[in-house]
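Novice: My structure is below; once you've seen it, I'll send some questions.
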Amino acid sequence: MSNNPQRYLITAALPYANGPIHIGHLAGCHLPADIYARFRRMQNHEVLFICGTDEHGVPITLAARKENTTPQAVADKYHEIIDKALYKFGISFDNFSRTTSEVHRETATDFFLDLYNKNLFEEKTEEQFYDEDNKQFLADRYIMGTCPKCGNDRAYGDQCEKCGSTLNPRDLINPHSTISSKPLVMKATKHWYIPLDKYEGWLREWILVGHKDDWKTNVYGQCKSWIDGGLQPRAVTRDLDWGVPVPLPNAEGKVLYVWFDAPIGYISATKEITPDWKKFWCDEKTHLVHFLGKDNIVFHCIIFPTMLKMHGDYILPENVPANEFLNLEGDKISTSRNWAVWLHEYLEEFPEQQDVLRYVLAANAPETKDNDFTWKDFQDRCNSELVSVLGNFFNRTIVLSQKFCGSKIPKRHDDLATETEKNMWLEFNAIKKRMEESMSQYRLREALAEMMNAARLGNKYLTEQEPWKKAKDDVYVGENDFEQLQNKYRVENCLHHCLQLSANLAILMYPFMPFTAKKILLHFNISKRANELLKWENAGRMDLLSVGYPINNPVLLFRKIEDEEIQLQVEKLKVSKANYLAANAPAKVVEPIKPEITFDDFAKMDLRIGTIVEAEKVPKADKLMKLTVDLGFEKRTVVSGIALHYKPEEIIGQQVTLLCNLAPRKMKGIESQGMILMAEDADGKLKFMMPNSKTENGSGVS
Ligand SMILES: [Zn+2]
């Protein structure tokens with residue numbers, strides 16, 4: 001047992017149940033929370049790790065409308081997909097609940113009533129947009145109108161997706177309902193507000209003074225800017241028909257606002273699995289830690305703690321180690337643009353490779369700044385770190401032990417040991433200490449890098465000892481051959497250390513790569529005893545494996561990721577992007593046909609084929625190029641607006657169609673004696689109108 005067992009309540013942000021889950025979610029909070037929870041469990045602390053899906057709010061009702069189903073059906077569908085994906089990635093929740101559960105409805109209702117009965121809310125009646133056809137107030141997303149900034153006539157009440165402006169529904173020109181398409185009226189509605197402004201002094205003291213040194217700088221900085229910016233009362237209710245109903249008379253058609261209800265989900269999820277839930281939520285000795293992405297900082301650091309403080313029965317988070325964002329191939333991950341690596345798809349395309357993704361995401365976690373996930377980096381880290389360092393050390397150890405030690409754990413020969421072994425174990429223990437230090441400060445990447453250093457220790461030791469050389473002659477002639485016997489013992493001693501180190505590595509890697517850790521232990525027939533062995537206090541012990549115990553046939557821990565696999569993924573993303581661009585391309589504006597002309601009008605134009613024989617850019621004119629066109633019987637100087645589309649050297653020898661009886665005109669001081677015919681394609685590129693095979697210069701066009 002740990003000398004000082006503590007109680008931890010660890011939460012990971014509730015994913016929203018309107019779509020599947022991607023690597024951004026995993027890297028942002030579920031994976032770091034899992035690593036931390038596993039680590040604390042290994043230290044014999046009492047740990048509860050809680051999460052669930054957030055199933056209320058407008059986006060779910062929008063998704064239901066789009067898919068022509070009910071909000072509950074949308075939530076059911078995505079809850080299952082998300083739950084399954086996180087489970088398969090080894091995210092070791094004690095409870096993965098949902099905010100549509102009965103326990104949650106009761107808990108959220110009681111929470112609201114408690115604050116209401118203490119008279120802590122502010123009530124305000126305000127005019128809001130109302131859809132008379134559907135007899136409902138509309139959430140911002142259901143209101144559409146013309147953006148006052150860019151003129152886009154499909155801007156939403158909260159945002160214009162064309163110019164990116166954040167909007168208020170009142171900003172829109174001609175606001176109308178997306179449900180009925182009718183104009184909206186203003187109607188008074190009452191809501192309940194948390195007076196955040198009244199808690200500003202307390203928040204300042206609690207966060208800006210109290211957590212100046214132990215919260216991450218990105219988290220602290222965001223809190224500071226919110227508080228310094230001045231806190232406003234925030235409504236905790238909404239006019240909507242989907243959510244936890246406001247438990248008051250005359251509050252029909254009103255529900256708790258999703259950000260008020262969702263964090264209470266952590267409490268409900270705890271209640272669901274233990275009657276003893278109060279010791280986790282109401283005992284000051286509990287360490288409450290919230291893991292989340294930076295978009296959730298304000299809710300977990302300012303709003304939810306204020307709710308807990310107002311209620312009074314609950315503890316406050318000790319730390320909120322929020323991560324920044326993970327980008328994908330240099331671009332922001334986006335569900336609507338399908339620019340993402342979806343976990344359920346990864347599991348199909350890289351079966352049994354969960355730990356590779358866990359490793360890459362942890363090694364490259366956006367702990368202090370936004371980071372980029374690229375498939376190339378994924379491949380490099382797998383092949384040059386997991387395969388070449390960790391996998392290589394373990395595989396060599398097992399293969400050599402089978403070959404030279406009869407597939408059994410060989411004896412240790414301390415009489416033959418040198419400083420090398422002693423130093424290796426000293427360094428291993430120093431690594432363990434550094435990992436503890438990093439983990440306790442939520443620097444998980446650093447801890448993982450140390451784990452790899454421990455594997456490098458083993459690789460270096462094995463390479464230096466070269467047991468395969470000492471055991472070259474694996475037929476021992478007998479006890480009398482002293483030299484050979486010494487070599488045999490040296491080989492045994494070396495492999496004994498390597499095998500013990502392998503079992504020790506399983507312990508250090510377990511928080512990060514639980515599947516691989518267990519795979520290692522299977523080689524030593526440890527499956528039932530695995531959880532007992534995988535205790536942090538066991539790391540550094542040289543007697544984890546008993547001498548004489550059988551070793552199973554080697555199974556590769558990691559396989560190489562091939563170029564083709566990576567190309568396939570990159571291609572898939574390109575297709576996503578192309579599909580999105582095609583679906584969202586601005587409607588093509590077709591130029592109206594010009595007024596009719598007579599044949600005689602047309603016949604007045606003298607069109608000839610010519611060849612560009614000289615070309616140079618016109619100084620101080622970005623678009624213009626001065627060309628010399630050979631018409632066979634004479635040469636013409638023509639100024640043409642193609643300089644942004646072609647380089648002079650590209651078009652020498654190009655055949656063109658020239659309107660050669662156009663009145664000359666001067667451009668930038670050069671007289672242009674004609675006009676070259678060009679076509680403009682969909683993306684604005686100019687192309688030459690020319691005969692499809694070489695034609696004699698001067699030929700007429702009709
Ligand atoms: Zn706009």
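Novice: Let me check against my output: what whole-number percent is the relative contact order of the range 536-660, with C-alpha pairs under 8 Å and at least 6 apart?
Specialist: Values: 110 pairs, mean separation 25.5, N = 125.
So the answer I get is 20 percent.
Novice: Which residue, chosen from Pro175, Ser101, Tyr8, occupies the Cα position most advanced towards the positive end of the dipole of the chain, where the dipole is computed from +1 (Lys, Arg) and -1 (Asp, Glu) charges on Cβ about the Cα centre?
Specialist: Of Pro175, Ser101, Tyr8, it is Tyr8.
Novice: So if I take the centroid of the Cα atoms in the range 342-368 and the same for the range 314-333, what is the distance between those two points in Å?
Specialist: Taking the Cα centre of each part, the range 342-368 and the range 314-333 sit 17 Å apart.
Novice: Residues with amide H under 5 Å of His22's amide H, sequence separation 5 or more or different chain, H placed in the peptide plane at 1.01 Å from N; which?
Specialist: Leu343
Novice: In whole Å, what are the extents of the range 372-538 along the principal axes defined by its C-alpha atoms, from largest to smallest?
Specialist: Its Cα atoms span 60, 34, 33 Å along the three principal axes.
Novice: Only helical DSSP H runs with n ≥ 4 go in: add -39500 (n - 2.57) per run for the chain, normalise by residue count and round the 222 nm mean residue ellipticity to 500 deg cm²/dmol.
Specialist: About -11500 deg cm²/dmol.
Novice: Which value does Rg/Rh take for the chain over its C-alpha atoms, Rh per Kirkwood? Before the final figure, lay out the partial values.
Specialist: Working: Rg = 34.7 Å, Rh = 31.0 Å.
Ratio of gyration radius to Kirkwood radius for the chain: 1.12.
Novice: Considering all projection directions equally, how large on average is the shadow of the alpha-carbon convex hull of the range 596-679, in square nanometres? Please list the in-between numbers first.
Specialist: Numbers: hull surface 24.6 nm².
In nm², the orientation-averaged hull projection of the range 596-679 is 6.1.
Novice: When Lys and Arg each count +1 and Asp and Glu each count -1, what net charge do the other residues less than 11 Å away from Ser401, Cβ to Cβ, add up to? Please report the intermediate quantities before stating the final value.
Specialist: On the way: positive: Arg396, Lys403, Lys408; negative: Glu492.
Every neighbour counted, the sum reads +2.
Novice: Now, a different point. Could you please state, rounded to a whole Å, how far the C-alpha centre of the range 55-131 is from the C-alpha centre of the range 172-224?
Specialist: First find each Cα centre; the distance between them is then 18 Å.
Novice: May I ask for the angle, rounded to the nearest 10°, between helix 71-88 and the longest principal axis of the chain, with both axes built from Cα atoms and the value confined to 0 to 90°?
Specialist: Between helix and principal axis, roughly 50 degrees.
Novice: Which pairs break 21 Å Cα to Cα here: Lys604/Lys647; Lys376/Lys560; Lys162/Lys594; Lys376/Lys574? Show your work: numbers first, answer last.
Specialist: Details: Lys604/Lys647 33 Å; Lys376/Lys560 13 Å; Lys162/Lys594 31 Å; Lys376/Lys574 15 Å.
Over 21 Å apart, Cα to Cα: Lys604/Lys647; Lys162/Lys594.
Novice: Starting from one equal scatterer on each C-alpha and no solvent at all, send me the Debye-based log10 I(q)/I(0) for the range 97-187 at q = 0.18 Å⁻¹, two decimals.
Specialist: Cα-only, vacuum Debye calculation for the range 97-187: -0.82.
Novice: Something else: Projected onto the charge dipole of the chain (+1 at Lys/Arg Cβ, -1 at Asp/Glu Cβ, origin at the Cα centre), which of Phe121, Gln159, Gly210 gives the Cα projection farthest towards the positive end?
Specialist: Gly210
Novice: Describe numerically, in nm with one decimal, the distance between label points set 7 Å from Cα along Cα→Cβ at Ala603 and at Lys149.
Specialist: So the label points at Ala603 and Lys149 sit 5.9 nm apart.
Novice: Going by C-beta contacts inside 10 Å, put Arg41, Arg170, Arg636 in order with the fewest on the left. Don't skip to the end; give the middle numbers.
Specialist: Working: Arg41 22, Arg170 13, Arg636 17.
Lowest count first: Arg170, Arg636, Arg41.
Novice: For the chain, take the longest principal axis of its alpha carbons; what is the angle in degrees between that and the long axis of helix 392-405, to the nearest 10 within 0 to 90?
Specialist: 40 degrees
Novice: So, counting K/R as plus one and D/E as minus one, what does the shell of residues with Cβ under 9 Å around Asn152 add up to? Let's see the in-between values first.
Specialist: Working: positive: Lys149, Arg154, Lys162; negative: Asp153, Glu161.
Surrounding charge for Asn152 is +1.
Novice: Kindly give Rg over Rh for the range 291-366, based on alpha-carbon atoms, with the Kirkwood expression for the hydrodynamic radius. Mind dumping the intermediate values first?
Specialist: Numbers: Rg = 16.9 Å, Rh = 15.2 Å.
With Rh from the inverse mean 1/r over Cα pairs, Rg/Rh is 1.11.
Novice: Okay, next question. Nearest 10 degrees is fine. How inclined is helix 354-363 to the longest principal axis of the chain, computing both from alpha carbons?
Specialist: Tilt relative to the chain: about 80 degrees.
Novice: Select from the range 124-197 those chymotrypsin sites (Phe, Trp or Tyr not before Pro) which occupy a DSSP coil region and have at most 11 other Cβ atoms within 10 Å, ordered by residue number.
Specialist: Numbers: sites: Phe129, Tyr130, Phe137, Tyr142, Tyr156, Trp192, Tyr193; in loops: none.
For chymotrypsin sites (Phe, Trp or Tyr not before Pro) across the range 124-197 that sit outside H, G, I, E and B with at most 11 neighbouring Cβ atoms in 10 Å, the list is empty.
Novice: Using a 10 Å Cβ count of at most 14 others and DSSP loop calls, identify the longest part of the chain lacking such GluC sites (Glu not before Pro). Don't jump to the answer; show the numbers that get you there.
Specialist: Numbers: sites that count: Glu67, Glu132, Glu161, Glu252, Glu284, Glu352, Glu479, Glu562, Glu596, Glu634, Glu696.
The reported range is 353-478.
Novice: Could I ask something else about it? Under the classification rounded if a/c is under 1.5, otherwise prolate if a/b is larger than b/c and oblate if not, where does the range 24-136 fall, given a ≥ b ≥ c as square roots of the Cα gyration tensor eigenvalues?
Specialist: It comes out oblate by the Cα gyration axes.
A short reminder: the numbers here are calculations on the coordinates, not readings from a lab. This is a predicted model, so every value here is computed, not measured. Cβ sites come from the backbone with ideal geometry, for glycine too, and all protein chains shown count toward neighbours.
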